[in-house]
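Written below as structure tokens is the structure these notes are about.
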């Protein structure tokens, strides 16, 4: 469709629709609705009963025409539709008062299989992207992936009544507070009867200062309310609340939420608590907090109305206090955490050291109080001397790890495994064990050098590829002049930190410095245009910077962690540790199935 064409149009290439609604009403399963650029932004749209749903095998797709960058200047409401994909649009609400930017609602029938991917939403007067309904219908299997939301009100992304929703690799920033008595402010909010939600690889940062309301502000990076059986992993939460508030939290699970698994997240720069269990409005049960890194928060762990919470293998660095347990907290268990920074604990009104707390309560097994020795360049990754290295013995949360056992916290040092030359000598492939943070991104060839006969070579291109499921990264390096047989070629991997502002699973981590002497014996000789075939393997590399031996197998160390269901008679709000099973996690990004589409213009 084309807003600059003559109205009404019929959807053909020569006479495209000029408005969104007629184009959407004409779409059938398997069709694509393509938006061309226009002089003025497209008006928003609210679907009607005349808009059809797609099918699981033939969704309807709304996206820009190839090479075009259309702007939508109003809210887009998709009501009672299933198997639609809304992809690659810019919804700019800076000149209007409208919200949400993209709204997937269920009022008379539940939305099923909707995909909202790669969109930009600017300055919504409410949530930037919203899924679900305050009615009794439950959206099913909706994916919100790779969207950028800036300047929303109340929450950047809001999920209400859903089953198996996936919120993946989105960036939310600059959210301001909502009005009313409780001025709520969240990057991602999952509220009211959600089941099986996955929040993974998202970045949340820079929540704006708001004026105090009657009950002040409630600022949370990720907020879970009255929902159950979800997972939160590999997210980066950097919450700023300059004006404070009566509650500020990084990741907050509360108000009758149960059975959440929260692992391998980074929370940094948050006033208030980093990991908040049953704090704001209270009541959380059976949350497992494992392998999270909390740096620069006032309180690393806050648990008030919290029951049977497990805090295992986390790196906790609070600026004022390590742990706060309210009087209503019960049976909290701490296992092999690294407590850095201020190691004070406030438990049931009693202030004490973490060491005394762990000894008196009998609720801690193997935690360490010490300087985390984080690398100065990124402030998150454990250095070679960090006690986080191999602290998390017994953890089976990842299939691979560096050293004898997994490290405490969310980040491990990525370890280069080997380097090979391609058949014609024109490129090098570096493989890195990297289950936590893809290396050498987004800075191209930064972090690697190629020496040829002792001379630094020019690298024309470096393309990084990462497989989250296997935890392996590859850096494909192109060189200007192909290498030849007998040439002495050495690939140097430098300890360069990646960009800490990248999306969740790509947060900062330093690569272990390593040198690989490349095998050129199978390459063509100088002046020989024929390839001798086969990849040239590297000799064994030499590395430094991480204690312990490198493990490249898919196995894990054995061990378990869990909670004790018995009550606590000591009054310190925690329970003696008792092993129970911790589930194995297989983490993979959801792929898009290939679908047949018919073009509508």
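The values are calculated or read from the model by the stated rules, or taken from the named source; none is laboratory data. Keep in mind the model is a prediction, meaning the values are calculated, not measured. So basically every Cβ, Gly included, is an ideal-geometry build from the backbone, and we count neighbours across all protein chains shown.
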Within region 382-399, of all residues that are within 19 Å of the chain's Cα centre (by Cα) and at pLDDT below 80, the one farthest from residue 341 (Cα to Cα) is 399
Meets criteria (under 17 Å from residue 46 (Cα atoms) and surrounded by fewer than 21 Cβ atoms within 10 Å (Cβ to Cβ)) for residue 120:
no
Which of (1) surrounded by fewer than 20 Cβ atoms within 10 Å (Cβ to Cβ); (2) at pLDDT below 85; (3) in a helix (DSSP H, G or I) does residue 379 not meet, given it meets every other one?
(3)
Could you grab me the full set of residues in region 334-343 that are surrounded by fewer than 24 Cβ atoms within 10 Å (Cβ to Cβ) and either over 30 Å from the mean Cα position of the chain (by Cα) or outside any strand (DSSP E or B) (or both)?
342, 343
Can you spot a residue in region 273-284 that is surrounded by fewer than 24 Cβ atoms within 10 Å (Cβ to Cβ) and assigned to a strand (DSSP E or B)?
no
Given the structure, is residue 111 surrounded by 24 or more Cβ atoms within 10 Å (Cβ to Cβ) and closer than 15 Å to residue 62 by Cβ?
yes
Hey, can you tell me all the residues within region 299-310 that are free of Cβ contacts under 8 Å to residues at least 40 places away in the same chain and either in a strand (DSSP E or B) or touching a strand residue (DSSP E or B) at 6+ places or on another chain (Cβ under 6 Å) (or both)?
299, 301, 306, 307
I need the strands (runs of 3 or more DSSP E) fully contained in region 51-134, keeping only those with at least 1 residues that are under 25 Å from the mean Cα position of the chain (by Cα).
60-64, 84-87, 90-92, 102-105, 115-117, 120-122, 129-132
Condition met for residue 383 (touching a residue at least 60 places away in the same chain (Cβ under 8 Å) and closer than 25 Å to residue 258 by Cβ):
no
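Determine which member of the set 101, 67, 126 is free of Cβ contacts under 8 Å to residues at least 60 places away in the same chain and over 16 Å from residue 148 (Cα atoms).
Answer to the selection: 67.
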Which one is nearest to residue 299 (Cα to Cα) among residues in region 333-374 that are touching a helix residue (DSSP H, G or I) at 6+ places or on another chain (Cβ under 9 Å) and at pLDDT below 90?
347
